[in-house]
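Colleague: The structure follows.
Just so you know, all these numbers are worked out from the coordinates, no wet-lab data involved. Because the structure is a prediction, the values reported are computed rather than measured. Glycine gets a Cβ as well: all are built from the backbone with ideal geometry, and neighbour counts include every protein chain shown.
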Amino acid sequence: MGLFGPPTYPVLSVNQAGSSWNSSAKSSIDTKTYDYIIIGGGTAGCVLASRLSEDPNVSVLVLERGPVHDAWYSRVPLISSDVTSKATPIVFSPSAPIANANGKKLDVIHTEALGGGSTVNAMLVTRGFIGDFDRWAKLGHPSWSYEALKPYFMKSEKSLSHKGDWRGHAGPLVNQTSPLNATIHTSVQTAASELGYKITTDINDPDIPVDVCATLDEAVDQKLRRVSAYNAYLPPEVAYERGQRLKICTKAVATQVEFEDGVAVGVVFEASGKSIPGTFYARARKEIVVCSGAIGSPQLLLLSGIGPKEHLKEHEVPVVVDLPGVGSHLQDHLGIPLMYEIPGWDSVHYLDYSALKGLWEFGKYMLGYPGVLGSTVAPVSIFAHSSHVDQQTGRVVKPTAQSSASDRCPDIEIMTMACISTDVIRPPSMGVFSFLLCNLQPKSVGTVRLASTDPHKRPEVDLNFLSNAEDFGPLRTGILISRRVANRAAANGYPIKEWKLPASESDDDVDQFIRRELRTCLHYTSTCRMAPRADGGVVNDSLRVYGVRGLRVCDTSVFPCITSAHTMVPAITVAERCADLMKAAAKRDDVEEKLI
């Protein structure tokens, strides 16, 4: 790893990875050909490329839009999580105006780097609750239940902090329990406990109740470095060791998947920014997998002629498969920030105006001691189901024995951060603490649609937040819980003062605040979801795209519905299982060929 720039890493340019694209390229004997082509080297793409290339007899090409992002600072947890920094490999595009939020537009974030969102996120290792995956099973996907996925959760991780038989201890994703670097976090825990939320240090324990206050696990290794999917699954040593069969092409934009007689046979691609002129092509002997995320994957399918027929015709894209579900059912965790003033010394902002504090924390980090730089900004979360909470006191009410399946998952998460959580201007020298409230089971769904047939341009993303009025209920309850926790922390002696909150606790004032302050939590899912084709599904339970052969999708876009937690670990788990599905399919094909 380089100190200020990327390390030496065996990447190909687009003209090295593919052959020049022309009318005869598909059938030319000189065309670059691989067993598998993975479009997108993000969180899921890195996992899939690593697992498939374990077989010394297969060849894999990865096409990633961004570069290798592995400078020294990219592994410092606090620094690498700063999405406002120009050094962070993020591209912003505006969402469509949100009709139910006064026409507000939000930034849609696209991470362009090997490792994708796992290189810039808050590193939180949350699987989701058992009820999330059992709900997937009840929706018609029994092979995606919690028990079916448990081996993959365990296979993927190396837990440094937990010994339970539901945790993995030999996988590539190293993680450990977050340290609490600010006094406010322990004050929040005490207050939450007094309101009936059980304190836990393992949110991934399958037996925990829904209503908890959890110290979360973070993807940070023994040396306090961020562990992204890139670091875990495709580090330089793996890329070099497998260089003969694993080819990684960065700064490449896939423009379309090519089909012959209903079979996906190749990928057309160009250099990002067209830094290398020309269009290139590579063929796949076995399968092509789209791993471009819940925004990028539907865009590529649409550009390739797979999607709603009328939308494709509107953009003069030849229809390969009329599949209305492509780009539909977009889900995300809507976020509402509630911010308080706290002492500067107890907030991350102290680093901004105290050179001594900054040097102290930098010195601790370089010597390997836990501190602000070496951990997530969101170490503690409160989870709850709104139906379990008293609507006056914020206390947990014991759920009835007849709780529905949805009640066995939280519909509220309240992240706690000793820093500001919006782009509002903070007064100098003021410390800020945020409750970032998330609606974990949103009823509102949005869309991803082509804004242009230019693959270098971003699609139109309509988040469509608050289009279903039922989404206001959990948000109101979450705001109530946050206020009651803060009040109790103040009553217990912690110096916390209201700063950016609703004008009152009336529904009108709370709803106005929600519409004005809402933001995305960047957990985009379900735009190519597993479901029956007649119900708007895009892929089957093997993640194969309906209507064609040789094409799968593998990322958060295939979630039947969004999970009640952060989405990095479920994305990794989906990719782990997809790799096994593909390996099994390849073995069946080999057997069939021998029998012929």
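Colleague: From the P(r) of the stretch 213-284, could you give the percentage of C-alpha pairs in the tail past 17 Å? Mind showing how you got there, number by number?
Modeller: Values: 1673 of 2556 pairs.
Of the Cα pairs, 65 percent sit more than 17 Å apart.
Colleague: Let me ask you something else. Can you list the chymotrypsin sites (Phe, Trp or Tyr not before Pro) in the stretch 403-473 that are in a DSSP coil and have 10 or fewer other beta carbons within 10 angstrom? Each step should come with its number before you reach the end.
Modeller: Values: sites: Phe433, Phe435, Phe465, Phe472; in loops: Phe465.
Sites meeting the loop and neighbour criteria: none at all.
Colleague: Quick one: Cα convex hull volume of the stretch 461-596, Å³ per residue?
Modeller: Numbers: hull volume 19.6 nm³, N = 136.
About 144 Å³ per residue, rounded to a whole number.
Colleague: Tell me the GluC sites (Glu not before Pro) within the stretch 455-527 that lie in a loop according to DSSP and have at most 14 other beta-carbon atoms within 10 Å.
Modeller: Values: sites: Glu460, Glu470, Glu498, Glu505, Glu517; in loops: Glu505.
Hits after loop and neighbour filter: Glu505.
Colleague: I'd like the trypsin sites (Lys or Arg not before Pro) in the stretch 337-400 restricted to DSSP loop residues with at most 16 other Cβ atoms within 10 Å, sorted by number. Please report the intermediate quantities before stating the final value.
Modeller: On the way: sites: Lys357, Lys364, Arg395; in loops: Arg395.
Here the trypsin sites (Lys or Arg not before Pro) that fit, given the DSSP loop and packing criteria, are Arg395.
Colleague: Nearest 0.05, what FRET efficiency do Leu160 and Ser85 give at R0 = 41 Å with Cβ-Cβ as r? Walk me through the numbers on the way to the answer.
Modeller: Values: r = 28 Å, r/R0 = 0.68.
Using R0 = 41 Å, I get an efficiency of 0.90.
Colleague: Test of understanding: ordering His456, His311, His329 by Cβ neighbours within 10 Å, fewest first, what list do you get? Can you show the working numbers first?
Modeller: Values: His456 13, His311 17, His329 26.
Going from least to most buried by this count: His456, His311, His329.
Colleague: Another question about this same structure. Using the number of other C-beta atoms within 10 angstrom as an exposure proxy, rank Tyr73, Tyr240, Tyr350 with the fewest first.
Modeller: Tyr240, Tyr73, Tyr350
Colleague: Over the Cα atoms of the stretch 311-450, what is the Rg over Rh ratio if Rh follows Kirkwood?
Modeller: On the way: Rg = 22.0 Å, Rh = 19.2 Å.
Reported Rg/Rh (Cα atoms, Kirkwood Rh): 1.15.
Colleague: To the nearest 0.05, what FRET efficiency results for Gln244 and Lys587 with a Förster distance of 30 Å applied to their C-beta separation?
Modeller: Numbers: r = 22 Å, r/R0 = 0.73.
Once the sixth-power term is evaluated, E becomes 0.85.
Colleague: Mind giving me the FRET efficiency for Asp508 and Ile199? R0 is 30 Å, r the Cβ-Cβ distance, nearest 0.05 is fine.
Modeller: On the way: r = 35 Å, r/R0 = 1.16.
According to the calculation, E is roughly 0.30.
Colleague: Which whole-angstrom value gives the distance between the alpha carbon centres of the stretch 194-253 and the stretch 549-584?
Modeller: 15 Å
Colleague: Here is the link list: Lys251/Lys583; Lys105/Lys364; Lys457/Lys583; Lys104/Lys398; Lys158/Lys198; Lys274/Lys583. Which ones come out longer than 31 Å on Cα distance?
Modeller: Values: Lys251/Lys583 28 Å; Lys105/Lys364 40 Å; Lys457/Lys583 34 Å; Lys104/Lys398 38 Å; Lys158/Lys198 25 Å; Lys274/Lys583 35 Å.
Too far apart for the 31 Å limit: Lys105/Lys364; Lys457/Lys583; Lys104/Lys398; Lys274/Lys583.
Colleague: Report the convex hull volume per residue for the chain, counting only C-alpha atoms, in Å³.
Modeller: 153 Å³
Colleague: Taking the beta-carbon count within 10 Å as an exposure proxy, list Val14, Val397, Val574 from fewest neighbours to most. All intermediate terms of the calculation are to be shown ahead of the outcome.
Modeller: Details: Val14 24, Val397 13, Val574 28.
Fewest-to-most Cβ neighbours within 10 Å comes out as Val397, Val14, Val574.
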